[in-house]
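Peer 1: Here's a structure for you.
The values are calculated or read from the model by the stated rules, or taken from the named source; none is laboratory data. Being a predicted model, the structure only gives us computed values, none of them experimental. Ideal geometry is used to build each Cβ from the backbone, glycine not excepted, and the neighbour counts take in all protein chains shown.
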Amino acid sequence: MADDPPLDRESDQITVDGTAVLVGKMLDVNVIVTDPDGDPVVGKLKIGDQVIKMMDRSGAFSERFDTSSWPAGTVRLTARLCDGWSLVSADVLDIPINH
């Protein structure tokens, strides 16, 4: 039997604040994962169908990608996170790829 969430727990508000900078054919992605209750957070980030980062904690994450072989168009950066009480999916941002 799973434990019930604490009664004084804030409603689930895991947030992902992200930036992406496309310079030439390189994409720099920076995200910060936080949970207002300080619960540990695990999850993954994806660009399109590519898993780009597995996360095992709250905090800042950075990744650089060579986009030279990516087709032109828009890809979506998404996050799927779990704080032990609930699973949250979030669209972080859309990234235009123009070569």
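Peer 1: Find the residue count for region 48-92, including only residues that are in a strand (DSSP E or B) and either free of Cβ contacts under 8 Å to residues at least 60 places away in the same chain or on the phi > 0 side of the Ramachandran plot (or both). Lay out the reasoning, then the answer.
Peer 2: Narrowing region 48-92 to residues in a strand (DSSP E or B): 50-55, 59-66, 73-82, 87-92.
Then keep just the ones that are either free of Cβ contacts under 8 Å to residues at least 60 places away in the same chain or on the phi > 0 side of the Ramachandran plot (or both); that gives 50-55, 59-66, 73-78, 80, 82, 87, 89, 91.
So the answer is 25.
Peer 1: Considering only region 71-84, state which residues are within 17 Å of D56 (Cβ to Cβ) and either of a type in the set (A, V, I, L, M, F, W, C) or surrounded by 15 or more Cβ atoms within 10 Å (Cβ to Cβ) (or both).
Peer 2: A79, R80, L81, C82, D83
Peer 1: Applying the selection to region 34-67, what residues are of a type in the set (A, V, I, L, M), modelled with pLDDT of 85 or more and closer than 22 Å to I97 by Cβ?
Peer 2: L45, I47
Peer 1: Might you check whether a residue that is within 16 Å of L22 (Cα to Cα) and basic (K, R) occurs anywhere in region 67-80?
Peer 2: yes
Matching residues to (1) surrounded by 15 or more Cβ atoms within 10 Å (Cβ to Cβ); (2) modelled with pLDDT of 80 or more; (3) among the aromatic types (F, W, Y); (4) in contact with a helix residue (DSSP H, G or I) (Cβ under 8 Å, 6 or more places away or on another chain):
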site	(1), (2), (3), (4)
D4	no, no, no, no
V16	yes, no, no, no
V23	no, no, no, no
I32	no, yes, no, no
